[in-house]
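This report refers to the structure that appears directly beneath it.
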Amino acid sequence: MNPTLFALAGFAGWTLLLTFTLLNMRGYYAFLSKDKIALNDFSPDGKDVQGFGQRLTRAHLNCLEMLPSFAALVLVAGLTEQLAIMDATAMYILYARITQSTVHMISTSLAAVLLRATCWVIQLVLLLSYAYQLLTTVTA
């Protein structure tokens, strides 16, 4: 499989794994926890489930924020037969995303926040680079 398509599939798979984990965490709070939260009362940003639950919710939302941009750029690259622009570095987006999410779920220490920010910047710089390269080759 093409590395760019593999990275996109991996990103989507990682997002789905976090979704499944979040679903199970919410099920726990709805049905098993002594601090029950009704299924229709969950805060979308995770403020009502402190600690790991809130960090998991934020990690999941972070994936949902970046995935559409990545998918759109892969779509444009594929439709214009320019996937080669992304092939050498697309896996770094997946690695950075998994690292960012994992660190987010583990800790909110300053070192963890700095590592998460670094991973986010790596993804952002790569996506901006892809967008620039695709726009300049498509319009040329």
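The values are calculated or read from the model by the stated rules, or taken from the named source; none is laboratory data. A quick note: this is a predicted structure, and the numbers were derived from the prediction, not measured. So basically every Cβ, Gly included, is an ideal-geometry build from the backbone, and we count neighbours across all protein chains shown.
Pairs needed: first member in the stretch 87-108, over 14 Å from Met66 (Cα atoms); second member anywhere, modelled with pLDDT of 95 or more and assigned to a loop (DSSP other than H, G, I, E, B); C-beta distance under 7 Å; at least 6 residues apart or different chains.
Asp87/Asn2
Of all residues in the stretch 83-104, which are assigned to a helix (DSSP H, G or I), surrounded by fewer than 21 Cβ atoms within 10 Å (Cβ to Cβ) and hydroxyl-bearing (Ser, Thr, Tyr)?
The answer is Tyr92, Tyr95, Thr99, Thr102.
In the set Leu127, Leu115, which member is surrounded by 15 or more Cβ atoms within 10 Å (Cβ to Cβ), under 21 Å from Gly10 (Cβ atoms) and touching a residue at least 60 places away in the same chain (Cβ under 8 Å)?
Just one listed residue meets the conditions, Leu127.
Go through (1) within 30 Å of Ala131 (Cβ to Cβ); (2) assigned to a helix (DSSP H, G or I); (3) at pLDDT below 95 one by one and return the number of the condition Met1 breaks.
(2)
Tell me, which residue of the stretch 12-49 that is among the aliphatic types (A, V, I, L, M) and assigned to a loop (DSSP other than H, G, I, E, B) is farthest from Leu61 (Cα to Cα)?
First, the residues of the stretch 12-49 that are among the aliphatic types (A, V, I, L, M): 12, 16-18, 22-23, 25, 30, 32, 37-39, 49.
Remaining after also requiring assigned to a loop (DSSP other than H, G, I, E, B): 32, 37-38, 49.
On the way: Leu32: 24, Ile37: 20, Ala38: 21, Val49: 15 Å.
Only one residue fits best here, namely Leu32.
Mind checking which residues of the stretch 55-77 are of a type outside the set (A, V, I, L, M, F, W, C) and touching a residue at least 12 places away in the same chain (Cβ under 8 Å)? Spell out how you get there, then give the answer.
Initially, the stretch 55-77 is screened for residues of a type outside the set (A, V, I, L, M, F, W, C), giving 55, 57-58, 60, 62, 65, 68-69.
Correct list: Arg55, Thr57, Arg58, His60, Asn62, Ser69.
All but one of (1) part of a loop (DSSP other than H, G, I, E, B); (2) out of contact with any helix residue (DSSP H, G or I) (no Cβ under 6 Å at 6 or more places or on another chain); (3) not β-branched (Val, Ile, Thr) hold for Gln54; which doesn't?
(1)
For the stretch 55-66, does any single residue satisfy the condition of being modelled with pLDDT of 95 or more, more than 30 Å from Arg26 (Cα to Cα) and among the acidic types (Asp, Glu)?
no
Taking the residues in the stretch 38-82 that are of a type in the set (A, V, I, L, M, F, W, C), buried (at least 20 other Cβ atoms within 10 Å of the Cβ) and more than 16 Å from the chain's Cα centre (by Cα) as candidates, determine which candidate is nearest to His104 (Cα to Cα).
Checked the stretch 38-82; the qualifying residue nearest to His104 (Cα to Cα) is Val49.
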